[in-house]
Structures are given as structure tokens and as C-alpha cells.
Amino acid sequence: MSRVEQAGSGKKLLMTASRASHITQFHLPYLQWFQEHGWQVDVAAQGRRDIPYSDHYYELPFSKKDISFQNIKTAFWLAKLIRRERYSLVISHATLAGFITKLAVVLSGCRSARYIAVCHGYLFKEDGGLKNRLYFFCERLFRGRVDCLLTMNRADEELAKANRLCRHIAAIPGMGICPEVLPRLSAEEKEREKSRLYGEWDLSDRQTLLLCVGEFSVRKNQLRLIEAFANVAGRYPQARLLLAGEGVLLPDCRRLVQEKGLEKKVLFLGQRRDVAVLLQCCCNALVTASRSEGLPFTVMEALYCGKPVLASEVKGHTDLIQDGVNGFLFSPDDPLEPEKTLYRFLDGFHFEQEALRLPRLYLIDHALPQVLSCYLGHEAYVKEESD
């Protein structure tokens, strides 16, 4: 009996991620499918909460430190759980949770479990520094125990294949945008919500709003974006930069805004759950200066809402954005390019509305069957296992 056939008879799934919010934001349609098809669905992540379509939730303490005794301890605990429950299918998401889960699968000694690693964006390069090489070494070390590796952008797919990080590597169009869960506002509702938000932020209809969403971090690069905006704000007094999110670099960003005298032109919105509403009702464009991405959900969300995206020219962004067609691309390392891109947009560049539509392949009804076929083992892989 092949490992895929065993997975079908056991019907027990364990899905891991570093944060419970990651599961609820991206993976509920998949949990729902498994549960409706008779699987026991268990989730292990950080942050206690009720996860819809799950039978058991296990809170696991993860540390973001590169080398952490806590993470090793978590891996041993997870290995014990895998042995006890005898899961047929284990799926991990993202880098840190993926590493811990790989280690746990190996430590468990359960060869019957089919293990899927979903890469939401490699944070390393094989030719990088010591930290990069360490992450890369770990990927290669455990590649023999990964049954299927799923990547979301061309650069990660090429890196994985060139370095043979798994026997079976498949490209997927992300986890899929769910139009049903995005708010659908009428013209009247949009106008009413816009009026409320403009009143809350003390803005007027004459102003152009640029929205940036993400954790305040070195990778998301908000400091570079604020520097660029500071240089164009004088020429475009109607422009406003809206920064949504939390993170360790938030205090640094606030200080930079004060130093530049931009307190009335840069607004900190905090953590938001209404990004789609902001994009539909009042924001003119999404902007991001991130140094690295997988396949950014917020960019797909903006395109679905018909908004152009001004983005750094990095993997993930280049898969979604065509310069001058549905947005602009700029180098995140050149201090002048983000500024030039803001000028280019604020000067009144016109995007064709039809070009701003998100391609259908990124919608859930296209992505879900493709991802599920990888989770469960498509025909070519079943044949390969049976040979």
C-alpha cells in the first residue's frame, strides 16, 4: 500500500502554523473540505483561539529567535503528538513552523504520515550570509522526509528545484482569495463608509490616499517608504500615507514621521481587519516596499478590489504586478526609486480598469482543487510511490 493510500484510510490531519491567525485567514476552506469528507482535523499553532472546522486545537509556543531551546522543546512535544495520534497527513505552513514541524516529523519516526511543506516565501538565499546558509542547510537536511513541497512564486520554485529541496515540488497560486468573505458594498454603503473614515481621520475628498499594510519590520521596510514619502509630500500636499499594522519597528517609524514633520500626512491605523473596505471605499492605491514576499495576500486583495499596487521589485510582487499595467515596480534597495515611483503615480498616471482585475487562477475556486490534489497526492505522484 502506498503512503497516499494509507493517508486516505487513516483520515487524520494535523495542520501547523506559527500563528493561529494564519490558519483562520488563509486555510479555513481547506479545513472545511477535510472535515466534510470525514477527516479528523487538528490544528497546532501559537495564540489560543477557536478554529472553525477543527476537532482539536493545540497551542504551541514558538520563539522567533534563530536558535531557541523552546523551539527544540516544541518539536519534541509535536513529535509525541504525531506518534500518539498517528496522523495520515501533516501539513506545515511558513518558515519557522515548517522547520519545527519537519524536525517533529523526523523525531516521531512515523513513516506512514504523508508530510506536506507549504512555502509561503523563502526568507533565505543559497548564496547569503551565515544565517541564510543555516536556514538553507536545514531545508536540505530534511528534504528526504518531505513528500511534497509547495511553492507560491517563480523564484522559490526555481530555487527549490535547482537545489532539489524535495523529490516532488509543485507550484500553486497561493491559497486562494475567497470573494464570498470579502465585503460587497453598494455605492451608497461605500459612500457612507468613506464619509465615516474621512471624518475619523480628519481628511477631505481632495486627498490621495496610499495604503500600506503589514507588520512593522525590517523585511516590510516601512522606514524606506516613509523616507520616500517625506520627499514627495511637499510637492503633493494632498497625498496621505496610511500605515496599517503593528510590530517591533512601529516606534521607529513613529519617530521618523515626527522628525520629518509628517504627523498630519502619515496616519498610523493600527491592526486592521477591514483592509478590503479601506481599499474599496477610500484608498487610491496599495503601496509596499517589502524586501521579500511569498505571494502577498494584500496585493491580491487590492487587485481584486480594482486598485493599482506600487510595489518593490521582489519575488511574489513580480508574479502579480506588471509595471505600468496594474501597478509600478521599484527597487527596494535604491533610495531614489520608491520616491520616483510615488511621483509617477501622483502625477496622474492612468491605469486601465480592466487590467487591474485579479486573474481568476488566484481565486479559491481555482486554487482549492489544485492545492488539495497536492495535499492528497495527484496521479503522477501515486504512480511514482507505487513503482
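The values are calculated or read from the model by the stated rules, or taken from the named source; none is laboratory data. Note that this is a predicted model, so its numbers are computed, not measured. Positions of Cβ are generated from backbone atoms using ideal geometry, with glycine treated the same way; all protein chains shown enter the neighbour counts. Quick note on the areas: whole protein, heavy atoms, side chains included, nothing else; ligands and nucleic acids left out. Shrake-Rupley method; radii C 1.70, N 1.55, O 1.52, S 1.80 Å.
What to note about this one:
- Only one entry of 245, 234 meets the criterion of being small (Gly, Ala, Ser) and under 18 Å from residue 286 (Cβ atoms), and that entry is 245.
- Extreme residue, most open to solvent (accessible area, probe 1.4 Å), among residues of segment 18-37 that are in a loop (DSSP other than H, G, I, E, B) and at pLDDT below 95: 19
- Residue that is over 23 Å from residue 362 (Cβ atoms), at pLDDT 95 or above and not β-branched (Val, Ile, Thr), where the choices are 310, 329, 249: 249
- Within segment 69-123, the set of residues being farther than 13 Å from residue 149 by Cβ, touching a Lys or Arg at 6+ places or on another chain (Cβ under 9 Å) and in a helix (DSSP H, G or I) comprises 71, 75, 85, 96, 97, 104, 105, 106, 107, 108.
- Condition check for residue 181: of a type in the set (A, V, I, L, M) and open to solvent by 70 Å² or more (accessible area, probe 1.4 Å): yes
- Counted residues, segment 318-344 - those being of a type in the set (Gly, Ala, Ser) and within 20 Å of the chain's Cα centre (by Cα): 1
- Tally of residues being within 21 Å of residue 208 (Cβ to Cβ) and assigned to a helix (DSSP H, G or I) across segment 306-360: 13
Here is a yes/no grid of residues against (1) free of Cβ contacts under 8 Å to residues at least 40 places away in the same chain; (2) closer than 23 Å to residue 161 by Cβ:
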site: 72; (1), (2): yes, no
site: 85; (1), (2): no, no
site: 95; (1), (2): no, yes
site: 121; (1), (2): no, yes
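- Residue 254 open to solvent by 40 Å² or more (accessible area, probe 1.4 Å), without any contact (Cβ under 8 Å) to a residue 60 or more places away in the chain and in a helix (DSSP H, G or I): yes
- Residue 332 meets each of the listed conditions (1) farther than 27 Å from residue 235 by Cα; (2) crowded, with 17+ Cβ neighbours inside 10 Å apart from (1).
- Flag if residue 323 is acidic (Asp, Glu) and closer than 28 Å to residue 350 by Cα: yes
- The set of residues in segment 145-162 that are open to solvent by 30 Å² or more (accessible area, probe 1.4 Å) and touching a helix residue (DSSP H, G or I) at 6+ places or on another chain (Cβ under 9 Å) comprises 154, 155.
- Test: residue 276 is within 17 Å of residue 243 (Cβ to Cβ), open to solvent by less than 10 Å² (accessible area, probe 1.4 Å) and touching a helix residue (DSSP H, G or I) at 6+ places or on another chain (Cβ under 8 Å): no
- Of all residues in segment 38-67, those that are of a type in the set (D, E, K, R) have Cβ atoms under 8 Å from Cβ atoms of residues that are assigned to a loop (DSSP other than H, G, I, E, B) and open to solvent by less than 50 Å² (accessible area, probe 1.4 Å), 6 or more apart or on another chain, in 42/54; 42/87; 59/47.
- Options 231, 221: the member that is open to solvent by less than 70 Å² (accessible area, probe 1.4 Å), among the polar types (S, T, N, Q) and over 19 Å from residue 301 (Cα atoms): 221
- Residue check for residue 196: in contact (Cβ under 8 Å) with a residue 12 or more places away in the chain and either β-branched (Val, Ile, Thr) or surrounded by fewer than 20 Cβ atoms within 10 Å (Cβ to Cβ) (or both): no
- Just one residue in the set 243, 286, 262, 303 is more than 30 Å from residue 172 (Cα to Cα) and at pLDDT 95 or above; that residue is 262.
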